[in-house]
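The values are calculated or read from the model by the stated rules, or taken from the named source; none is laboratory data. Since this is a predicted model, take the numbers as computed values, not measurements. Cβ placement follows ideal geometry from the backbone for every residue including glycine, while neighbour counts extend to all protein chains displayed. Protein only, heavy atoms only, side chains kept; ligands, DNA and RNA dropped before computing areas. Shrake-Rupley method; radii C 1.70, N 1.55, O 1.52, S 1.80 Å.
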Amino acid sequence: MSDRQFVCRCEDVNLHEIESALAAGLSTIEEIKRYTGLGTGPCQGKECVAPLVRIMIARGSASAETLVPF
């Protein structure tokens, strides 16, 4: 069994990739989308943007007031 946790199932973006993007200094949803491909699949972010926002807020990378969708 894999221990990968997918944030974007359409594009196979996992939690480790999101954490790497945040560690690299990316701080907006649009930057993370361009870096990882998150939100570019068939759902167009309908299933993955909310989990991404929760991760970013939990890690202190952004506040809910500053985040805007792509």
Residue set SER27, SER61; condition among the hydroxyl-bearing types (Ser, Thr, Tyr), surrounded by 16 or more Cβ atoms within 10 Å (Cβ to Cβ) and assigned to a loop (DSSP other than H, G, I, E, B); output residue SER61
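The rows are residues; the columns are (1) in contact with a helix residue (DSSP H, G or I) (Cβ under 6 Å, 6 or more places away or on another chain); (2) open to solvent by less than 70 Å² (accessible area, probe 1.4 Å); (3) without any contact (Cβ under 8 Å) to a residue 12 or more places away in the chain.
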site: ASP12; (1), (2), (3): no, no, yes
site: SER20; (1), (2), (3): no, yes, yes
site: ALA23; (1), (2), (3): no, no, yes
site: MET56; (1), (2), (3): no, yes, no
- Message: So, LEU52, is that one open to solvent by less than 60 Å² (accessible area, probe 1.4 Å), touching a Lys or Arg at 6+ places or on another chain (Cβ under 7 Å) and not in a loop (DSSP other than H, G, I, E, B) or not?
- Response: no
The condition from (1) surrounded by fewer than 20 Cβ atoms within 10 Å (Cβ to Cβ); (2) in a loop (DSSP other than H, G, I, E, B) that LEU38 misses is numbered (1)
